[in-house]
Amino acid sequence: MSEMTSVPKAITGPSTFLDDRLGAGNFLKRNLRKVFPDHWTFLLGEIALYSFILLLLTGTFLTFWFKPSMNEVVYNGVYAPLKGVAMSEAYASSLDISFEVRGGLLVRQMHHWAALMFTASMMIHMLRVFFMGAYRKPREITWLIGVILLTLALAEGLTGYSLPDDLLSGAGLRITEGVAISLPLVGTYITFFLFGGEYPGEDVIARFYSLHILLIPGILLALIGAHVTLTWVQKHTQMPGKDANNHNVVGAPFYPAFMAKAGALTLFTFAVIAGLATFTQINPIWLFGPYTPADVSAGSQPDFYMGFLEGALRIMPSWEINLFGTAHAGTLPLNVIIPALVPMGIVMTGLALYPFLERWVTGDKGEHHIVDRPRNNPHRTSIGVSVSAFYGVLWIMGANDEFSANFHISLNATTYIGRVAIFVVPALAYIVTYRICLGLQRSDAAVVGHGVESGVIKRLPHGEYIEIHTPADDNSEAVLRSKAPVPAIAVDEDSAGIPPKGMRGPLGKLRGRMSKAYGGEKIPIDEGHPHEEEHPALTGGDEHH
């Protein structure tokens, strides 16, 4: 028996070694048994982390053969259709990686798919955090780091997408240059910094390469470390349930349960990305040819994470302001500045400020370690869906030429539809989502008050048929009862008719009205009476037929 319960020497040996030299015994004991909540939505952020690890590994492999140079060479590689064609060394080395380096095409496609997975999982993870209110105190800093990480991921994707110097990425780089140079005051400086002179210059690939493999990944790595550390220290939020509260964590320990699941998810993420790279072609640069400023591919589309900026550029009217009434005095190209700055500004600035704006509106300064069900905060959920609809309309409009070509619709018609939809669709999404949330709250109140449908149909003595309801199980009822009114500021005047401090003046009155609309109980959870008590005749024996 003692042999079965003794700790293996393979564990005690290294542990004793570390403890004797680093005093790490207590640290390991405390942290290896740290409890993590168990819910599938918590894995979304981990997918982003594991995708980033794969990005680092595959990117390191690619750096051994990629040549970040715009020097012109004549291609003489194995891809026959491009033999004898003049191109940059960057494009030629990308072709060599794809066709001549063993495993090069697989790794290059894994790198591209991992980049898409990294960005997509970050977006979905942030949506989960937003809809469940997991950004509230004490996690505001963690949320802000997440917003910065998403912004940097977009920049990292843009710089990496441009490196092969093919015709498709070159078209995107031309749009980037047009957006940069249109910015008032700083546009020319940014353009010269990136391109080293007049477009296209000879330095942009080398400079993007430095940004892509050194500067941005270094910042990402530091911020991801800070993000994970804060999550570790503050503990994970957890879903409402029977035993969960703001003072405990219900779940499994880090070792061995969480480590086993994390290891399996890491391998699964790698396997999915490797499978996509193996069976699903992405970015076939050899079909596009080398970039030349005079050419552009028909139907060219950016990666999905830049699609909304493309859509904004396409549906924006051709507005511009000529200073002092003449173009010679200076022109503000609003048709470029607004699409480039406003959509990104609305989304990213709104995400960064939302935790603090919500706290200002609701006056809620308490700590929150239990997440909300999205239906229980209908205005927050409606705002999130509305912004997602705004993003979705722009993303779809980024491919309006494809819709026109494939569905035989006028390109002008799709543009005008997009200009209307960008205002109408988010508003409709808000209204519909709000009504759905209230309907789900009523459904929850009915379950608490009358139980759940049992599937048993009974007939009453007077001929009425009813379905018997049974009480919800303990955990389900605990989840439903976790609903609390959204905090709101008390705006009642005192006996002298004076509003409370902070509620005076135009801003205070606006805050009070916003708090009243945003907070409070929308649909109370009313216990009511079980359905059977509404029909006492059911307790008799002659109601069966």
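In whole Å, how far is the Cα centre of the stretch 179-208 from that of the stretch 113-177?
Result: 22 Å between the Cα centres.
Once Rh for the stretch 60-141 is found with the Kirkwood sum over Cα pairs, what is the Stokes-Einstein diffusion coefficient at 37 °C and 0.692 mPa s, in µm²/s? Can you show the working numbers first?
Numbers: Rh = 15.6 Å.
It comes out at roughly 210 µm²/s.
Once you've got the Cα coordinates, tell me which of K67/K261; K235/K516; K235/K509; K34/K365; K501/K522 are over 29 Å apart. Mind showing how you got there, number by number?
Working: K67/K261 39 Å; K235/K516 32 Å; K235/K509 37 Å; K34/K365 27 Å; K501/K522 26 Å.
Over 29 Å apart, Cα to Cα: K67/K261; K235/K516; K235/K509.
Add +1 for every Lys or Arg and -1 for every Asp or Glu among the other residues with Cβ under 15 Å from the Cβ of N31, and state the total.
Details: positive: K29, R30, R33, K34, K235; negative: D19.
Charge balance near N31 sits at +4.
Mean Kyte-Doolittle of at least -0.5 and a Cα length of 20 Å or more along the axis: which whole DSSP H helices of the chain meet both? Intermediate values should be presented prior to the final figure.
Numbers: long enough: 43-63 (30 Å, 1.82); 104-131 (40 Å, 0.95); 140-162 (34 Å, 1.34); 167-182 (23 Å, 1.04); 216-234 (26 Å, 1.54); 259-279 (30 Å, 1.64); 334-362 (38 Å, 1.34); 378-397 (28 Å, 0.82); 411-450 (55 Å, 0.94).
Helix filter hits for the chain: 43-63, 104-131, 140-162, 167-182, 216-234, 259-279, 334-362, 378-397, 411-450.
If you bin the C-alpha pair distances of the stretch 200-243 every 5 Å from 0, what whole percents do you get?
Bin by bin from 0 Å, the calculated values are 5, 17, 13, 13, 11, 10, 8, 7, 6, 5, 2, 1, 1.
Placing one identical point scatterer on every Cα of the stretch 241-322 and ignoring solvent, what is log10 I(q)/I(0) from the Debye formula at q = 0.19 Å⁻¹?
These q points yield log10 I(q)/I(0) values of -1.05.
Could you state the orientation-averaged shadow area of the convex hull built on the Cα atoms of the stretch 279-368, in nm² to one decimal?
Working: hull surface 50.3 nm².
That works out to 12.6 nm².
Along each of its three principal axes, how wide is the spread of alpha-carbon positions in the stretch 169-259, in whole angstrom units, largest first?
Principal extents (Cα only, largest first): 64, 28, 22 Å.
Around V452, which amide H atoms from residues at least 5 apart in sequence, or from another chain, sit under 5 Å from its own amide H, with H modelled in the peptide plane?
Result for V452 returns T470, A472.
Taking θ as phi - 60°, what are the ³J(HN,Hα) couplings along the stretch 284-290 by the Karplus curve (6.51, -1.76, 1.60), each to the nearest whole Hz, with x for Gly and Pro?
Rounded to whole hertz, the list is x, 5, 5, 7, 8, x, x.
Evaluate the charge dipole of the chain about its Cα centre and quote only its size in Debye, nearest 20, assuming +1 on the Cβ of each Lys and Arg and -1 on the Cβ of each Asp and Glu. Mind showing how you got there, number by number?
Values: 39 positive and 46 negative charges, 234 e Å.
Magnitude of the dipole: close to 1120 debye.
With the full set of protein chains in place, find how many percent of the accessible area of the stretch 1-148 is carbon and sulfur; take the probe as 1.4 Å.
Answer for the stretch 1-148: carbon and sulfur cover 66 percent of the accessible area.
In terms of the Cα gyration tensor, with a ≥ b ≥ c the square roots of its eigenvalues, is the stretch 420-487 rounded because a/c is under 1.5, prolate because a/b exceeds b/c, or oblate? Please report the intermediate quantities before stating the final value.
On the way: a/c = 3.94, a/b = 1.83, b/c = 2.16.
Oblate shape, in that a/c is at least 1.5 and b/c is the bigger or equal ratio.
As a test of understanding, state the convex hull volume per residue of the stretch 23-78 from its alpha carbons, in Å³.
Details: hull volume 10.5 nm³, N = 56.
Each residue corresponds to 187 Å³ of Cα convex hull volume.
Once the stretch 1-131 is represented by equal point scatterers at the alpha-carbon sites, with solvent omitted, what log10 I(q)/I(0) does the Debye formula produce at q = 0.14, 0.21 Å⁻¹?
Calculated log10 I(q)/I(0) at the listed q: -0.85, -1.12.
As an exercise, take the mean of 1/r over every pair of distinct alpha carbons in the stretch 325-417, invert it, and state the Kirkwood radius in angstroms.
17.1
Alpha carbons only, please: Rg and Dmax for the stretch 255-411, in angstrom.
22.6, 71
Can you classify the stretch 86-213 as rounded, prolate or oblate using the Cα gyration tensor, where a ≥ b ≥ c are the square roots of its eigenvalues, rounded means a/c under 1.5, and otherwise it's prolate if a/b beats b/c and oblate if not?
Details: a/c = 3.08, a/b = 1.37, b/c = 2.25.
Cα axes put the stretch 86-213 in the oblate bin.
Taking only the alpha carbons of the stretch 151-204, what extent do you get along each of the three principal axes, in Å, biggest first?
Dimensions of the stretch 151-204 along the principal axes of its Cα atoms: 29, 26, 15 Å.
Return the long-range amide H neighbours of A488 (sequence gap of 5 or more, or a different chain), with a cut-off of under 5 Å between placed amide H atoms.
Here G520 satisfy the definition.
Over the stretch 175-253, what is the relative contact order in whole percent, taking alpha-carbon pairs under 8 Å and six or more residues apart? Could the numbers behind the result be given before it?
Numbers: 30 pairs, mean separation 9.1, N = 79.
12 percent.
Could you work out the local net charge near G45, counting Lys and Arg as +1, Asp and Glu as -1, over the other residues with Cβ closer than 15 Å to its Cβ?
Values: positive: R128, R139, K235, K261; negative: D38, E46.
My count for the surroundings of G45 gives +2.
Kindly provide the helix-only [θ] at 222 nm of the chain, computed as the sum of -39,500 (n - 2.57) over DSSP H runs of four or more divided by all residues, to the nearest 500 deg cm²/dmol? Can you show the working numbers first?
Details: 20 runs with 313 residues, N = 545.
Result for the chain: -19000 deg cm²/dmol, rounded to the nearest 500.
Looking at the calculated P(r) for the chain, what percent of the C-alpha pair distances fall above 44 Å? Write down the numbers at each step before the final one.
Working: 51100 of 148240 pairs.
That tail contains 34 percent of the Cα-Cα pairs.
Skip the ligands, DNA and RNA, and give the accessible area per residue of the stretch 109-259 with a 1.4 Å probe, whole Å². Let's see the in-between values first.
Values: 6430 Å² over 151 residues.
On a per-residue basis, the stretch 109-259 sits at 43 Å².
For the stretch 378-466, divide the Cα radius of gyration by the Kirkwood radius and give the resulting Rg/Rh value with two decimals. Don't skip to the end; give the middle numbers.
On the way: Rg = 22.0 Å, Rh = 16.6 Å.
Checking Rg against Rh, the ratio lands at 1.33.
Dividing the alpha-carbon Rg of the stretch 233-273 by 2.2 N^0.38 Å yields what?
Values: Rg = 13.5 Å, N = 41, 2.2 N^0.38 = 9.0 Å.
Scaled against compact globular proteins, the figure is 1.50.
The values are calculated or read from the model by the stated rules, or taken from the named source; none is laboratory data. Keep in mind that this is a model prediction, so the values were computed, not measured. Because the Cβ atoms are built from the backbone with ideal geometry, glycine has one as well, and the counts that use them run over all protein chains shown. Each accessible area value is taken on the protein alone, full model and side chains, heavy atoms only, with ligands, DNA and RNA left out. Shrake-Rupley method; radii C 1.70, N 1.55, O 1.52, S 1.80 Å.
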